[in-house]
Amino acid sequence: MPRVAVIGSCITRDVWPIVGEAPPQELLYICRTSLPSLLAAPLAGVELAPPAPELADFPYRSMVADLTKTALAALVAWRPTHLIFDFIDERLDILSVGGTLVTHSWELDVSGFLAQPVFAGARTIARATPASDLLWKQAMREMAGLIASTPLADAMLILHEAQWATRHLDQDGQVRDLPEEVEIFTGKHGRIADHNAALADYQGSFLGLLPAARRVAVPPELRIADARHRWGLSPFHYVEAYYREAHAQLQALGV
């Protein structure tokens with residue numbers, strides 16, 4: 001039986017429910033983080049207040065894991081047979097704060113944590129910029145070293161090569177273009193072309209460092225966003241056919 005870990009986003013986690021199947025019985029899902037943050041030191045001085053009413057338990061725990069840096073230890077202890085990466089959450093800005101790095105997610109935005117004294121003077125490192133790309137590539141080299149030196153070396157590595165859609169299926173079933181710039185979450189925007197260029201660069205770096213990794217690559221013609229998606233319209237909330245193809249490719253890899 002596969003023992004699966006995902007470092008990524010809902011595009012991988014949603015594959016199973018969207019095609020009508022239960023996810024792998026043994027699944028560790030690490031999200032709302034970025035490789036630079038995942039590999040950074042814990043944020044000292046942060047007070048782990050109870051979750052805000054807007055935050056469900058899992059998103060809250062994911063945000064706390066990003067601040068306290070507990071995910072890597074959990075991942076190594078999980079000893080996955082299959083370790084899947086997707087980099088869609090790498091759209092989120094990085095905060096340089098307290099001598100470390102954290103991910104500026106929607107969850108962190110609504111948690112109230114940003115009002116704590118520890119975040120005073122936090123500096124934003126915007127995504128799809130040379131600074132964030134440099135941090136990411138440094139972290140990717142560290143991740144490759146971690147994989148080689150821990151039980152993760154025994155896992156099948158899988159890269160889910162995702163890109164933001166440039167077209168969407170509207171509520172009437174018509175395929176239309178998405179705007180060049182979209183909202184990532186409230187108050188945060190990004191250009192699709194910029195983020196797709198960053199994703200292509202990240203994926204190339206990943207495969208260059210970990211050439212034995214397997215690839216899940218859905219054909220571009222299926223990369224269409226869906227206004228009727230369970231999480232709403234977004235360039236990375238795709239039509240059902242996308243997930244069915246990704247599911248078939250994962251099955252072929254034993255997941």
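Got the relative contact order for the range 109-200 handy, in percent, Cα pairs under 8 Å and 6 or more residues apart?
20 percent
Rank-order 50-59, 156-165 by packing density, defined as the average count of other C-beta atoms within 10 Å over each peptide's residues, highest first.
The peptides rank, most packed first, as 156-165, 50-59.
What are the ³J(HN,Hα) couplings of the range 239-255, residue after residue, when phi is run through the Karplus curve with 6.51, -1.76, 1.60 and θ = phi - 60°? Round to Hz, x for glycine and proline.
5, 4, 4, 4, 5, 5, 5, 4, 4, 4, 5, 5, 4, 5, 9, x, 8
Report M140's accessible area, 1.4 Å probe, all protein chains in place, as a number in Å² to the nearest 10.
About 0 Å², ignoring ligands and nucleic acids.
Work out the length of the dipole vector of the range 134-207 about its Cα centre, built from +1 on the beta-carbon of each Lys and Arg and -1 on the beta-carbon of each Asp and Glu, and round it to the nearest 20 debye.
240 debye
Considering only protein heavy atoms and a 1.4 Å probe, what is the carbon-and-sulfur percentage of the accessible area of the chain?
Whole-percent figure for carbon plus sulfur exposure: 54.
Once you put a point 7 Å from the Cα of E221 and another 7 Å from the Cα of R61, both along the Cβ direction, what distance in nm separates them?
Placing both labels 7 Å along Cα→Cβ, they lie 4.2 nm apart.
State to the nearest 20 debye the size of the charge dipole of the chain about its Cα centre, where the only charges are +1 on K and R beta carbons and -1 on D and E beta carbons.
So the magnitude is around 560 debye.
Name the long-range amide H neighbours of A165: under 5 Å, sequence gap of 5 or more, or other chain; modelled H, no Pro or chain starts.
Residues meeting the criterion, in which the H sits 1.01 Å from N, are F236.
Apply the Karplus parameterisation 6.51 cos²θ - 1.76 cosθ + 1.60, with θ equal to phi minus 60°, to every residue of the range 32-44 and state each ³J(HN,Hα) to the nearest whole Hz, in sequence, with x for glycine and proline.
6, 9, 9, 3, x, 6, 4, 9, 7, 6, x, 7, 6
Using a 1.4 Å probe, what is the accessible area per residue for the range 120-242, in Å²?
Per-residue value: 50 Å².
Subtracting the Cα-Cα distance from 0.36 nm times the residue separation, let me have the gained length for A126 to A144 in nm, one decimal.
4.1 nm
Taking 0.36 nm per residue of sequence separation and subtracting the Cα-Cα distance, how much length would be gained by fully extending the chain between M1 and Q171, in nm to one decimal?
That pair, M1 and Q171, stretches by 57.3 nm at full extension.
What number, in percent, do you get for the relative contact order of the range 73-122 if the mean sequence gap of Cα pairs under 8 Å and at least 6 apart is divided by its residue count?
28 percent
Given charges of +1 on the Cβ of Lys and Arg and -1 on the Cβ of Asp and Glu, with all other atoms neutral, how large is the dipole of the range 79-179 about its Cα centre, in debye to the nearest 20?
For this selection, approximately 320 debye.
Highest GNM mean-square fluctuation, the chain, Cα pairs closer than 10 Å: which of T68, T129, T100?
Comparing T68, T129, T100 in a Gaussian network model of the chain, the most mobile one is T129.
Consider just the alpha-carbon atoms of the chain and return their Rg together with their Dmax, both in angstrom.
Using the Cα atoms of the chain, the pair Rg, Dmax is 17.7, 51 Å.
If one computes P(r) from the Cα atoms of the range 201-255, what percent of pairs lie at distances over 17 Å?
Counting pairs separated by more than 17 Å, the tail of P(r) holds 51 percent.
Given A148, W106, L92, which one lies farthest toward the positive end of the charge dipole of the range 83-196, if we put +1 on the Cβ of every Lys and Arg and -1 on the Cβ of every Asp and Glu?
Toward the positive end, the furthest listed residue is A148.
What accessible area per residue, rounded to a whole number of Å², is obtained for the range 1-44 using a probe radius of 1.4 Å?
Spelled out: the 1.4 Å probe surface of the range 1-44, per residue, equals 36 Å².
Based on alpha-carbon centroids, what's the gap between the range 83-133 and the range 22-63 in Å, whole number please?
So the separation of the two Cα centres works out to 12 Å.
Apply the Karplus curve 6.51 cos²θ - 1.76 cosθ + 1.60, θ = phi - 60°, to the phi angles in the range 196-211 and return the couplings in whole Hz, x for Gly and Pro.
Here the 3J(HN,Hα) series is 5, 5, 5, 4, 4, 5, 4, 5, x, 5, 4, 5, x, 7, 10, x Hz.
Report, in deg cm²/dmol and to the nearest 500, the calculated mean residue ellipticity at 222 nm for the chain, where each DSSP H run with n ≥ 4 adds -39500 (n - 2.57) and the sum is divided by the residue count.
Helix-only estimate at 222 nm: -10000 deg cm²/dmol.
R0 = 22 Å: FRET efficiency of L134 with A41, Cβ-based, nearest 0.05?
Computed FRET efficiency for L134 and A41: 0.75.
What number does the range 18-112 give for Rg over Rh if you use C-alpha atoms and the Kirkwood radius?
0.98
The values are calculated or read from the model by the stated rules, or taken from the named source; none is laboratory data. Model, not experiment: these values are computed from the prediction. All Cβ positions, even for glycine, are placed from backbone atoms using ideal geometry, and neighbour counts span all protein chains on display. We work out accessible area using only protein heavy atoms, side chains counted, and drop any ligands, DNA or RNA first. Shrake-Rupley method; radii C 1.70, N 1.55, O 1.52, S 1.80 Å.
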